[in-house]
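Structure, as structure tokens:
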């Protein structure tokens with residue numbers, strides 16, 4: 001059983017708390033991404049799962065087995081680091097078969113497994129070449145193959161693509177997902193790159209300052225962020241957040257944006273949520289991709305900057321020191337310094353508590 005379960009996991013380094021009472025389940029055969037900014041505790045979490053670090057408090061289970069104090073070498077996990085740590089005095093084949101040799105596999109079996117993984121990772125033409133002098137892209141591919149060839153039930157990867165170039169990163173995202181499907185491994189992938197997490201993971205665990213913020217599928221964390229941190233961190237650009245106060249307009253629930261001196265009506269679902277609140281202060285959230293140009297019942301801001309990025313345009317809108325970003329196709333008919341009227345698409349709006357940052361509803 002290759003399910004991973006973390007219960008009340010806490011890690012302190014002196015007075016600094018790197019992880020705070022984390023409860024997390026990684027399902028059997030799941031690809032889970034630990035996503036967050038640098039220093040949020042994701043690599044420390046990975047190291048505790050691997051057995052490289054011991055928790056200050058809490059328990060680590062593999063299935064029903066408590067492995068909290070089990071040494072790394074007896075956990076049966078594969079691990080790929082950001083620093084690929086290749087043996088440069090060996091050939092590609094010797095690197096790939098190193099773990100198999102340490103496990104005492106016969107030569108014929110080693111050759112079969114190495115040839116298979118080399119073919120999958122497109123390393124076959126390089127098998128008898130020395131690794132010294134090979135590109136960083138190839139070295140990282142070898143490092144992944146060296147761990148994958150052992151077919152571990154649990155495979156841990158700590159930002160393995162951060163040092164490779166953008167084009168190769170795209171290729172490796174696809175290959176890593178195929179590798180996980182092929183061997184049906186439980187895979188935990190540490191990254192600060194939301195694109196990697198969104199494209200590869202079955203579920204994403206978003207962390208910040210040692211605290212688990214939200215766990216869900218890529219669409220769940222994108223469409224329904226648990227708080228303003230997730231709303232900002234997920235998405236490129238992140239979610240727009242405008243501070244406002246609950247009010248009414250023409251007898252219907254609305255939000256007044258004092259700094260903009262503008263008001264927008266709330267859809268019925270958000271209105272029902274708003275009616276249950278004691279405090280009027282909220283953050284009104286909406287994704288840049290879900291903005292529609294409109295001539296009525298919207299907000300008005302000045303077109304301050306246009307980013308033309310291939311098939312899409314990111315429009316920066318500004319009013320009274322507040323900025324909104326909107327994403328359109330590259331044919332959007334907007335002129336710089338013109339006033340733009342817009343509103344979020346119906347049903348795409350989200351409300352957050354202005355004090356706690358938690359999503360309402």
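Every number here is computed from the coordinates shown, using simple stated rules; none is lab data. Just so you know, these numbers come straight off a predicted model, no measurement behind them. So basically every Cβ, Gly included, is an ideal-geometry build from the backbone, and we count neighbours across all protein chains shown.
Only DSSP H runs of four or more residues enter the estimate; each adds -39500 (n - 2.57), and after division by the residues of the chain the mean residue ellipticity at 222 nm equals -7000 deg cm²/dmol. Working from label points 7 Å from Cα in the Cα-to-Cβ sense, the residue 311 to residue 275 distance is 4.2 nm.
In region 240-353, the inverse of the mean reciprocal separation of distinct Cα atoms equals 14.6 Å; this is its Kirkwood hydrodynamic radius.
Which angle from 0 to 90°, rounded to the nearest 10, does the C-alpha axis of helix 166-183 make with the longest principal axis of the chain? Rounded to the nearest ten degrees, it is 70.
Shape summary: the chain maps onto an equivalent ellipsoid whose semi-axes, from the alpha-carbon gyration tensor, are 47, 25, 15 Å in decreasing order.
Spin-label model, residue 102 to residue 322: label points 7 Å out along the Cα-to-beta-carbon direction sit 5.7 nm apart. Between 0 and 90 degrees, the angle of helix 136-148 with respect to the longest Cα principal axis of the chain falls at about 70 degrees.
When every Cα-Cα distance of region 130-202 is counted in 10 angstrom steps from zero, the calculated P(r) takes the values 18, 56, 24, 2 percent. For region 255-303, the spherically averaged projection of the C-alpha convex hull amounts to 4.3 nm². With everything on Cα atoms, drop me the angle between helix 107-120 and the longest principal axis of the chain, reported from 0 to 90° to the nearest 10. Long axis of 107-120 versus the principal axis of the chain: about 30 degrees. Packing, taken as the mean count of other beta carbons within 10 Å per residue, orders the peptides 223-233, 326-336, 186-196 from highest to lowest as 186-196, 223-233, 326-336. Each of residue 195 and residue 337 was given a label point 7 Å from its Cα along the Cα-to-Cβ line. The distance between the two points is 3.4 nm.
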